[in-house]
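Worksheet: the structure to be examined is printed underneath.
The values are calculated or read from the model by the stated rules, or taken from the named source; none is laboratory data. Keep in mind the model is a prediction, meaning the values are calculated, not measured. Using ideal geometry, Cβ is built from the backbone for each residue, glycine included, and neighbour counts are taken over all protein chains shown. Remember, those area values only see protein heavy atoms, side chains included, never the ligands or the DNA or RNA. Shrake-Rupley method; radii C 1.70, N 1.55, O 1.52, S 1.80 Å.
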Amino acid sequence: RTLLAATLPRFELQVQEGVGAVRGIAPGSPAGHLLAAHPEIFATVDVEFSDPHEAVGGWGASAAQFLMCYATIERIDERPGDATAARIDDERMLAAYVDGAWDGRGATPSGADVCAQLHGGLVEFSKAGGTLRTHVWQFDDLEFYFIPTGSKVATHEHLRELGELDVTVFSLHADSACEALKSRDSGRFVAAMRGYAD
């Protein structure tokens, strides 16, 4: 299990009629693979990804690119009057994400980052446990800040290089943080975040 935060500022994807031009998305990224897999859609539109973080990395740009390209496909494919069209199916999206992000080497991506961006806010996620729950910030005595380090790691590439990884300790701290959110225990929340970081 993990706990993710999807906060402002937001990434943007502009899609308009065109000739298949793509700006701001690398061909080898998960979104790039998705675009290549759907030429029937993306050959007739121009796509431009805008990153308010100016590509400094670590903010989930790759996940946002994939999600917005996937949403574009869903929107173009939807049928008028289809009541389910407005909502993206998490499981189908995750399956498509794994197809585009994983080449069979290394650890399989969970897609937690993509789900967090789809649902927004604080998102508790466990692919193995089938958990996807949103939370609201419960602590009047705490604030959080995100500070860029300037170190960008492409998650799909990082997972490819990892060997077997025991994530038990991470899950224990994430479980504790989620429980602290529910019980409004700010001390426990801070301890869980420190434990996760350590």
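Carbon-plus-sulfur fraction of the accessible area of region 1-102, 1.4 Å probe, in percent?
The C+S portion of the solvent-accessible surface of region 1-102 is 52 percent.
Measure nothing but the geometry: give the 0 to 90° angle between the long axis through the Cα atoms of 186-197 and the longest principal axis through the Cα atoms of the chain, rounded to 10°.
The angle comes out at about 60 degrees.
Using amide H atoms built in the peptide plane, which far-off residues or other-chain residues are under 5 Å from VAL45 H to H?
Residues meeting the criterion, in which the H sits 1.01 Å from N, are GLY18, GLY20.
How large is ³J(HN,Hα), in whole Hz, for each residue of region 136-152 in order, when computed from phi with the Karplus curve 6.51 cos²θ - 1.76 cosθ + 1.60 and θ = phi - 60°, using x for Gly and Pro?
10, 5, 9, 10, 6, 8, 10, 10, 10, 9, 10, 10, x, 9, x, 9, 9
As I understand it, the value is the acute angle between the Cα axis of helix 168-183 and the longest principal axis of the Cα atoms of the chain; what does it come to in degrees, rounded to 10?
The two axes meet at around 80 degrees.
May I ask you to derive the FRET efficiency for ARG87 and THR108 from their Cβ-Cβ distance with R0 = 25 Å, giving the value to the nearest 0.05? Walk me through the intermediate numbers first.
Values: r = 25 Å, r/R0 = 1.00.
FRET efficiency, ARG87 to THR108: 0.50.
If DNA, RNA and ligands are ignored and the probe is 1.4 Å, what is the ranking of MET93, MET68, MET193 by accessible area, most exposed first?
Sorted descending by solvent-accessible area, the residues read MET193, MET68, MET93.
How high is the FRET efficiency between LEU8 and GLU40 when r is their beta carbon distance and R₀ equals 25 Å, given to the nearest 0.05?
After rounding to 0.05, the efficiency reads 0.15.
Which label marks the calculated value of P(r) over Cα pairs in 10 Å bins from 0, in percent, given the options (1) 8, 25, 20, 11, 14, 14, 7, 1, 0; (2) 10, 36, 34, 16, 3, 0; (3) 8, 31, 36, 19, 6, 0?
Read-out from the structure maps to (3).
Of the residues THR131, THR72, THR149, which exhibits the maximal mean-square fluctuation in a Gaussian network model of the chain defined by a 10 Å Cα contact cut-off?
Top of the fluctuation ranking is THR149.
Let's test the formula: R0 of 30 Å, r as the Cβ-Cβ distance of ASP175 and ASP51. What FRET efficiency results, to the nearest 0.05?
After rounding to 0.05, the efficiency reads 0.40.
For THR131, what residues show an amide H to amide H distance below 5 Å, using hydrogens built from the backbone and excluding near sequence neighbours?
For THR131, the qualifying residues are SER126.
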